[in-house]
Every structure is written in structure tokens, then in C-alpha cells.
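Enquirer: One structure, pasted below without further comment.
Where a number appears in this text, it was derived from the coordinates with a stated rule and is not lab data. Since we're looking at a predicted model, the values are computed, not measured. Here the Cβ positions follow ideal geometry from the backbone for every residue, glycine too, while neighbour counts run over all protein chains shown.
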Amino acid sequence: MVITGDDVNTVLSLKQRLHTEFQMKDLGPFRYFFGLEVAYSHRADITDLRTAFTPIEFHHRLSSSDGEPLPDPTRYRAFVGALVYLTITRPDIAYAVRVLSQFVSVPRSTHYVALLRVLRYLRGTISRSLLFSAISFLELRAYCDAD
């Protein structure tokens, strides 16, 4: 069983309650989950973001000349790389990540604002998921247009 959350006290309280009802052993932070390696990092430092309803603004065009160049593009590149990986399980951000990926060589302030919007969207939709039931007559179709 994996127990995780953004509030350490709540997680500890839940573990204590479960321990009183069941025999269990805390193995500490996990390193692998469903074949994926899990790494913890506090370098993002964006815990105070408000949420967004869409990953990218409608009819918004990012340009390679708008805004000021970022003094250190490393953080932008790291975020975009993480988002590319995240699209494996969150296909709803694929288009926005594709747009952001176009600017990794020389990211600008407007691109970073758009990147933060994707992160705000993810924060607001963290509990959403796709459910594919074994007993379903629905047919899933997905289309992608490569630019």
C-alpha cells in the first residue's frame, strides 16, 4: 500500500490509525512504483500556485521574440522535460507541453508564464483520472495532429 499526500501530519495520522487496526510495516519513502522510479526534489519551489482551468490559454500564440530571455534557462528546461515525461499519464497536457518544448533553446519570460499555467492546471486537476472499466461498451478514440 502506498500512502502519500502533501500534508505530512495527515499522512502520519493515517499511518498511525492503520497501524492500530492492521499489522503493517512502514518501508519508508518508496523508490519504484509500477515500474517507474520515484525521485523526490524540493527544487521546484512552487507550492503557492493558484489553479488554472486549462493547461494553456485559448487562442494564445507564444512567440520566440516576446518577453525577456530568461537569465538561466536550466529551470525552464527541467520543468519542460518533467512535463514531457508526465504526458505519459496525463495526455491532457500534451498540446501545451508541445508548445512549450518549442522554446527550450532560448526560453523567455512569456514562455515561463505559460509553463506556470500548465503547473497550475496540474495542481487543480490532480484528482482527475481516466477510468477504463473492464465491463464497458464505450469505445475510446484518440486523434493527434503532429505539427
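Enquirer: For T89 and V113, FRET efficiency with R0 = 25 Å and r from the beta-carbon atoms, rounded to 0.05?
Expert: 0.50
Enquirer: Going highest first, how would you order 84-95, 105-116, 17-28 by mean Cβ packing within 10 Å?
Expert: Packing order, densest peptide first, comes out as 105-116, 84-95, 17-28.
Enquirer: FRET efficiency for K15 and A78, Cβ-Cβ distance as r, R0 = 30 Å, nearest 0.05?
Expert: 0.45
Enquirer: Any chance you could run the full-extension gain for R98 through I135? It's 0.36 nm times the residue separation minus the Cα-Cα distance, nm to one decimal.
Expert: That pair, R98 and I135, stretches by 9.9 nm at full extension.
Enquirer: Follow-up. Just order 4-10, 72-78 by mean Cβ neighbour count inside 10 Å, highest at the front, would you?
Expert: 72-78, 4-10
Enquirer: Continuing with this model, one more query. Per DSSP H run of n ≥ 4, the term is -39500 (n - 2.57); total these for the chain, divide by its residue number, and report the mean residue ellipticity at 222 nm rounded to 500 deg cm²/dmol.
Expert: So the helix-based figure for the chain works out to -11000 deg cm²/dmol.
Enquirer: By how many degrees, between 0 and 90 and to the nearest 10, does the Cα long axis of helix 74-86 differ from the longest principal axis of the chain?
Expert: Its long axis makes an angle of about 60 degrees.
Enquirer: Pull up all non-local amide H partners of R108: gap of 5 or more, or a different chain, and H-to-H distance under 5 Å with H placed in the peptide plane.
Expert: L70
Enquirer: With the contact rule set at Cα under 8 Å and sequence spacing of 6 or more, what percent relative contact order holds for the chain? Walk me through the numbers on the way to the answer.
Expert: Details: 91 pairs, mean separation 40.4, N = 147.
Answer for the chain is 27 percent.
Enquirer: For the pair S63 and A142, how long in nm is the line joining their label points, each one 7 Å along Cα→Cβ?
Expert: Placing both labels 7 Å beyond Cα along the Cβ direction yields 3.4 nm.
Enquirer: May I ask for log10 I(q)/I(0) of the chain at q = 0.21 Å⁻¹, from a Debye sum over the Cα atoms as equal point scatterers with solvent left out?
Expert: Reported log10 I(q)/I(0), two decimals: -1.41.
Enquirer: Roughly how tilted is helix 109-124, in degrees to the nearest 10 and between 0 and 90, from the longest Cα axis of the chain?
Expert: The angle comes out at about 30 degrees.
Enquirer: If you place +1 on the Cβ of every Lys and Arg and -1 on the Cβ of every Asp and Glu, how big does the dipole about the Cα centre of region 46-147 come out, in debye to the nearest 20?
Expert: 220 debye
Enquirer: Could you line up L119, L131 from fewest to most neighbouring Cβ atoms inside 10 Å?
Expert: By the 10 Å Cβ count, ascending: L131, L119.
Enquirer: For the chain, build the charge dipole from Cβ charges (+1 Lys, Arg; -1 Asp, Glu) around the Cα centre, then report which of V118, V106, F58 sits farthest towards its positive end.
Expert: V118
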